[in-house]
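J.: This is the structure, below, for whatever I ask next.
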Amino acid sequence: MSKEEILNEIMLLLNEYGDSSSISPSVLEFLSLSDLEGIKASLVESKKHHLDDKEWLQQFKKEE
């Protein structure tokens, strides 16, 4: 997978959390492929915890 593809996936993951944002492609000069993969993995893990927390909180939801 190329740096550009991973950067696009990172932007998609970030945009799932709120407002639309973008990352300048110029960061590809400064970040290695492993850096980008680490960022992506961190976002995926964060999203997983967010979903787990949301499911956990549902048990306390007041029934109407």
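The values are calculated or read from the model by the stated rules, or taken from the named source; none is laboratory data. It should be emphasised that the depicted structure is a prediction, and the values quoted were computed from it without experimental measurement. Positions of Cβ are generated from backbone atoms using ideal geometry, with glycine treated the same way; all protein chains shown enter the neighbour counts. Heads up: the accessible areas ignore ligands, DNA and RNA and are worked out on the full protein's heavy atoms, side chains in. Shrake-Rupley method; radii C 1.70, N 1.55, O 1.52, S 1.80 Å.
J.: Do you know which residues across the stretch 13-48 are part of a helix (DSSP H, G or I), open to solvent by 70 Å² or more (accessible area, probe 1.4 Å) and over 19 Å from M1 (Cα atoms)?
T.: E45, K48
J.: If you don't mind, there's one more thing I want to ask. Just checking, how many residues over the stretch 24-56 are modelled with pLDDT under 85 and touching a helix residue (DSSP H, G or I) at 6+ places or on another chain (Cβ under 9 Å)?
T.: The number of residues fulfilling the criteria is 2.
J.: Still on this structure, please answer the following. When both residues are 6+ apart or on different chains and their Cβ atoms are under 8 Å apart, which pairs have a first residue that lies in the stretch 1-13 and is more than 10 Å from L36 (Cβ to Cβ), and a second that is surrounded by fewer than 17 Cβ atoms within 10 Å (Cβ to Cβ) and modelled with pLDDT under 90?
T.: Final answer for the pair search is M11/S21; M11/S22; M11/I23; L13/V44; L13/K47.
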